[in-house]
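Colleague: My questions all concern the structure below.
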Amino acid sequence: MKLNLPKVLPAILAISLFYAACKKVENKPSSTTTKSADEASSAIAKNLAQSLTGAFGGASIKDGVNPSTTFSASTKLKIQSQDYHCGFYVDTSLNLLFNQGDTLKAHKTGGVRYFFICNDKKTIGYDLLDSVKTVGSGPGYAFTYAIVQDYHVRGLNTNNSNFSLNGKMKAFTDNQYTKYGTGSSVHNLYTFTNLYVHGDDNFDITSGDATFESTGKTTGGGWDYSGTLHFLGNHKVQMTFLNHEYLVDMITGEVKPN
């Protein structure tokens, strides 16, 4: 399945190529560029960690080879087989309301399509295509999350505690702070290749690679970058873009120049 995802133009790369053609001397990044890259790396890392674990309303790697508990909360789920573990599991009209007292309100809409792969009537993986949008508000802020996932997940051992993930993900977040009149946005597109997840080790991604395209803005400024991710195990990821490298902790969200 192919997602109709928007392309993010890596303008900063074009600028780098232009300067490389005009100058023969080595150019070091300015402190301004470095600061912008540092701020972007933190936002990208947070988006990656949260989107992989379902914080924006999509499927989570912590679901293993089972359907997302977020989706199963819907009363409109349509199961096109006697057992969702084998065959289709579809919701073409996801519509969920969430209220936490008078402080947090959210409305989730979209559609979900699973196809479960079975061997001897046992689930060994799934293909997923979902598109979920969540609009909400809390004290002093409003937010919009948009997630699209085109996943191919396969179990690697008898109890599926180890599994692989390939596919694409769109994870867009926009926040508006009404009290201060400011906002932030992070719009990321990922392509995952051979991610190996160990469920018994807090769903550590022990190996695999990804590319990403990211545009966004925070109070520190905006960015338009593309780069790569290399999953190292021990909940660490090496992020590379421009000539910058960062080490990301997927549990704490901490990002360090590498």
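Colleague: Under a point spin-label approximation (7 Å from Cα along Cα-to-Cβ), what is the K62-K121 distance to one decimal in nm?
Modeller: Result for the modelled spin labels: 3.2 nm.
Colleague: Where the Cα atoms of region 143-243 are projected onto their three principal axes, how long is each span, largest first, in whole Å?
Modeller: 53, 31, 23
Every read-out reported here was derived from the displayed coordinates using simple, explicitly stated rules and does not represent laboratory data. Please read these numbers as outputs of a predicted model, since none were measured by experiment. No Cβ is skipped: glycine too gets one built from the backbone with ideal geometry, and neighbour counts run over all protein chains shown.
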